[in-house]
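Have a look at the structure below, then the notes.
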Amino acid sequence: MSISEAPKTSAARAAVMISEARGLRLMHLGDDAIQSRMHLDRPDELSLAYTRAMMGALLFHPRARDFLMIGLGGGSLAKFIHRRLPRACVTAIEINAQVLIAARTMFGVPKDGGRFRAVLADGAKFVRTLPDAQFDVVLLDAYCGGRQVTAITRRVFYAHVRRVLRPDGVLVVNCIADQPELRGYLDNLCRAFDDRVWAVPTPPDDNLVVFALGPAVAEPTLEALRPRAVRWQARLALPFQRWVRGLRAVPHSTDRQHPRAARGLAARPAPSRR
């Protein structure tokens with residue numbers, strides 16, 4: 001385990017609670033909200049809809065190999081990527097030592113090795129120490145008390161993430177769809193990523209999975225995404241084709257061309273260029 005001293009923040013000290021019911025093991029962090037969920041008889045499955053949708057990054061970067069996770073939780077995504085994408089390497093950053101221990105001992109997160117390592121650190125600070133253009137995908141899912149940790153919602157943080165992504169890289173953010181601060185987070189993302197931001201809702205979860213694209217990622221079109229969705233759906237048994245149908249551009253709130261901008265999601269789907 002790659003461990004440094006735990007940062008002194010509320011997220012680092014939040015109490016970790018584990019519960020089990022109806023064949024599920026749940027992790028809670030600071031409140032009753034589910035931080036992570038695992039089927040006891042299918043521990044490698046992505047149990048929550050939003051975690052499945054975060055794998056939609058492969059639609060934009062189908063050859064992604066280097067993944068950075070900020071917010072490990074129970075490690076569902078880390079396990080899935082490690083075991084289902086055998087060429088991928090995952091670096092997972094977790095601020096809470098108790099979360100990291102629980103992920104290792106109760107949720108089956110892999111040991112550190114050539115393709116996986118877990119670092120106990122403040123993700124917002126850790127990103128600032130990384131070299132440029134190191135990762136293909138950054139997965140951001142850092143919550144405490146039912147809200148995203150403030151430090152990872154600021155424009156300066158998103159700019160650091162863009163710097164550590166390769167030009168064809170993708171930032172994926174798990175957002176709570178009805179969170180009052182959502183519009184501000186999306187505006188910060190739009191500024192940091194030059195308005196190249198897309199999102200898909202994840203029913204029945206009340207979440208919105210957001211994709212911010214690097215400058216070398218081609219503008220999403222149905223013609224490009226549909227064949228990738230078919231291939232990845234066959235390989236990983238995840239609903240990639242449904243995500244393509246639900247994908248929408250996220251405008252900045254000052255974009256008057258999108259009257260629904262204030263609600264955080266544009267009406268415009270991925271264009272079809274025929």
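Since every read-out is calculated from the coordinates, none of them should be taken as a lab result. Just so it is clear, the structure is predicted and the values come from calculations on it, not from any experiment. All Cβ positions, even for glycine, are placed from backbone atoms using ideal geometry, and neighbour counts span all protein chains on display.
What does the helix-only formula give at 222 nm for the chain: each DSSP H stretch with n ≥ 4 adding -39500 (n - 2.57), the total divided by the residues, and the result rounded to the nearest 500 deg cm²/dmol?
About -8000 deg cm²/dmol.
Placing one identical point scatterer on every Cα of the chain and ignoring solvent, what is log10 I(q)/I(0) from the Debye formula at q = 0.10, 0.16 Å⁻¹?
For the chain, the Cα-only Debye profile gives -0.47, -1.30.
Quote the relative contact order of the chain in percent (integer), defining contacts as alpha-carbon pairs under 8 Å separated by 6+ residues. Working shown, then result.
Numbers: 572 pairs, mean separation 46.5, N = 274.
Relative contact order, the chain: 17 percent.
Under the Karplus relation 6.51 cos²θ - 1.76 cosθ + 1.60, θ = phi - 60°, what is the ordered set of whole-Hz ³J(HN,Hα) values for the range 121-129, x standing for Gly and Pro?
Per-residue couplings from phi come out as 6, 7, x, 5, 6, 4, 4, 5, 8 Hz.
Ranking request for peptides 80-89, 131-140: highest mean number of other beta-carbon atoms within 10 Å first, then the rest in descending order.
Listed from highest to lowest mean packing, they are 131-140, 80-89.
Let me know the charge dipole size of the chain about its Cα centre in debye, to the nearest 20, where only the beta-carbon of Lys, Arg (+1) and Asp, Glu (-1) is charged.
780 debye
Taking only C-alpha pairs under 8 Å that are 6+ residues apart, what is the relative contact order of the range 119-180 in percent?
Reported as a whole number, the value is 45 percent.
Calculate the spin-label point distance for THR221 paired with GLN241, positioning each point 7 Å from the Cα along the beta-carbon direction, and give it in nanometres.
My value for the distance between the label points is 2.2 nm.
State, to one decimal in nm, how far the label point of LEU24 lies from the label point of ALA234, with both points 7 Å from Cα in the Cβ direction.
3.3 nm
List every residue whose amide H lies under 5 Å from the amide H of LEU208, counting only residues 5 or more places away in sequence or on a different chain, with H placed 1.01 Å from N in the peptide plane.
For LEU208, the qualifying residues are CYS175, ILE176, ALA177.
Sorted by average packing, counted as other Cβ atoms within 10 angstrom per residue and highest first, what order do 192-200, 154-162 take?
Values: 192-200: 20.8, 154-162: 18.7.
Packing order, densest peptide first, comes out as 192-200, 154-162.
Using the Karplus curve 6.51 cos²θ - 1.76 cosθ + 1.60 with θ = phi - 60°, work out ³J(HN,Hα) for each residue of the range 155-163 in order, rounded to whole Hz, and write x for Gly and Pro.
4, 4, 5, 4, 5, 5, 5, 4, 5
Based only on the alpha carbon positions, what is the Kirkwood hydrodynamic radius of the range 167-215, in angstrom?
Details: mean 1/r = 0.0904 Å⁻¹.
Answer for the range 167-215: a Kirkwood hydrodynamic radius of 11.1 Å.
Against the longest principal axis of the chain, how steep is helix 97-106, in degrees 0 to 90 to the nearest 10, with axes from Cα atoms?
The angle comes out near 80 degrees.
Take peptides 228-241, 42-55, 65-78 and line them up by average Cβ neighbours within 10 Å, highest first, as a rough protection proxy.
Details: 228-241: 16.4, 42-55: 20.1, 65-78: 25.1.
Top of the packing list down: 65-78, 42-55, 228-241.
Please list, ordered by chain and number, the residues whose modelled amide H lies under 5 Å from the amide H of VAL138; skip anything fewer than 5 residues away on the same chain.
Answer set, sorted by chain and number: LEU68, VAL170, LEU171, VAL172.
Can you list residues whose amide H is under 5 Å from PHE116's amide H, if they're 5+ apart or on another chain and H is modeled 1.01 Å from N?
Long-range HN contacts for PHE116: VAL90.
What is the antiparallel percent of DSSP beta bridges lying wholly in the chain, to the nearest 5?
On the way: 29 of 50 bridges.
Of those bridges, close to 60 percent are antiparallel.
Give me a comma-separated list of calculated 3J(HN,Hα) values for the range 43-56, in order, Karplus coefficients 6.51, -1.76, 1.60 applied at θ = phi - 60°, integers in Hz, x for any Gly or Pro.
Taking θ as phi minus 60°, the curve returns x, 8, 7, 7, 6, 9, 4, 5, 5, 4, 5, 5, 5, x Hz for the range 43-56.
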